[in-house]
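Engineer: One structure, as structure tokens, below. Some questions next.
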Amino acid sequence: MLTVYLDQNKWIDLARAETGHPQGLAFRDTLMVLKDAVDSGRVRFPLSAAHYFETGKHPNPRKRSELATTMMRLAGPLRISPPHQIVPWEIRRGLIKIFHLPAPDPALQMFGNGAAQAFASHNLRYLPPKEWHEISLPSNMKDEIHSRASREFETLLLAGATPAGAPDAMRVVFHDMKTLTDDRFVQGQLHVAEAIRQYGRRHLDEVMLATAVADIHDPLTRIGAEYGLTFEDIAARMTGIIDSMPSRWVEMKLRRQRQANPEKTWEGNDLNDVAALAIAVPYCDLVVTERSWSAMLNDAKVPDRFGHRVSRSLHDLTDLLLSA
């Protein structure tokens, strides 16, 4: 089965096709092909935390609902783990490999169900009631309630919606929780750009490696200490460690490509894109994203390392499915 990650703007194209929007006319046939491929088990479309951030920020409840409905039709409950869960796992695997540690290979469920998987938070999982009017419900009834209500629960979370009758102002907006982080990311990248200007562009790769290490310093030193490694041990092998961590290597390459073009300004939403693509590119067979990110990734031959593909066009995906 092909695992395909679609950027938010591609989901918007498909939602427009589903609702008959004029801008979606070019994607009506694409949507039909994708529905058939999902129904026949040939492809799956995991969503990430980035999709919740992007979908929930739209001010129009109807458009949020239409978008979430289209996403749920193709993706179902399938979600990919977030960076804050993947990175510690990659650190452990990287340290074990680089230092030949006699430790078991750590396990991680990369794909799972619902917002609980996307955010690595059990609090976002739907739980059916245990009783009704003080009468305990049998297991088969709780299972039936769960199967019927959990999809609606997941759609509401994805759409940033509220149950019927509740005001829209009370909805959960995941995007609001990351605004400060976005601002810090932009400021951080501006500081990196200044460091590159100061030290010269010939040191671009060194600066990128240093910032990649700085981003994971705390979990890296903590996990290293668990394995009896000092920071000096780790610092001496940093290039190999980052290279052994697929998401951090991709993230570093993405930032490098952007920093190599000083005319391109950083924006808050770039954090969302970089974080999502850093996990999608190494762990999904195909990523369909916007033109600029696709060009940067392919120019640097990033997907080649994993035997994966990155495209800017949904039509490339349909061509692939129709030729299979």
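The values are calculated or read from the model by the stated rules, or taken from the named source; none is laboratory data. Here the structure is a predicted model, which means the values were calculated and not measured. Positions of Cβ are generated from backbone atoms using ideal geometry, with glycine treated the same way; all protein chains shown enter the neighbour counts. Just so you know, the surface numbers come from the protein's heavy atoms only, side chains and all, with ligands and any DNA or RNA stripped out. Shrake-Rupley method; radii C 1.70, N 1.55, O 1.52, S 1.80 Å.
Engineer: Considering 42, 64, 79, which residue is out of contact with any strand residue (DSSP E or B) (no Cβ under 6 Å at 6 or more places or on another chain), over 18 Å from residue 13 (Cβ atoms) and of a type outside the set (Ser, Thr, Tyr)?
Structural biologist: Just one listed residue meets the conditions, 42.
Engineer: Moving to a separate point now. Taking interchain pairs and intrachain pairs at least six residues apart, which have beta carbon atoms under 8 angstrom, with the first residue in the range 203-230 and closer than 12 Å to residue 95 by Cβ and free of Cβ contacts under 8 Å to residues at least 24 places away in the same chain and the second hydrophobic (A, V, I, L, M, F, W, C) and open to solvent by less than 70 Å² (accessible area, probe 1.4 Å)?
Structural biologist: From residues that are closer than 12 Å to residue 95 by Cβ and free of Cβ contacts under 8 Å to residues at least 24 places away in the same chain, the pairs are 221/234.
Engineer: Please tell me if residue 10 is within 20 Å of residue 318 (Cα to Cα) and in contact with a Leu (Cβ under 6 Å, 6 or more places away or on another chain).
Structural biologist: yes
Table: residues versus (1) modelled with pLDDT of 90 or more; (2) under 21 Å from residue 50 (Cα atoms); (3) open to solvent by 30 Å² or more (accessible area, probe 1.4 Å).
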position: 210; (1), (2), (3): no, no, yes
position: 230; (1), (2), (3): yes, no, yes
position: 234; (1), (2), (3): yes, no, no
position: 281; (1), (2), (3): yes, yes, no
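Engineer: Additional query: Residue 240: in a loop (DSSP other than H, G, I, E, B), surrounded by fewer than 19 Cβ atoms within 10 Å (Cβ to Cβ) and modelled with pLDDT of 90 or more, yes or no?
Structural biologist: Answer is no for this residue.
Engineer: When you look at residue 64, is it surrounded by 17 or more Cβ atoms within 10 Å (Cβ to Cβ), modelled with pLDDT of 90 or more and assigned to a helix (DSSP H, G or I), yes or no? If you could, list the steps in order and put the result at the bottom.
Structural biologist: Numbers: surrounded by 17 or more Cβ atoms within 10 Å (Cβ to Cβ): yes; modelled with pLDDT of 90 or more: no; assigned to a helix (DSSP H, G or I): yes.
Considered against the rule, which asks whether it is surrounded by 17 or more Cβ atoms within 10 Å (Cβ to Cβ), modelled with pLDDT of 90 or more and assigned to a helix (DSSP H, G or I), residue 64 comes out as no.
Engineer: When you go through (1) outside any helix (DSSP H, G or I); (2) modelled with pLDDT of 95 or more one by one for residue 59, which number turns out not to apply?
Structural biologist: (2)
Engineer: Now for a separate question. Go over the candidates 37, 26 one by one and state the one that is within 24 Å of residue 290 (Cβ to Cβ), assigned to a helix (DSSP H, G or I) and open to solvent by 60 Å² or more (accessible area, probe 1.4 Å).
Structural biologist: The match here is 26.
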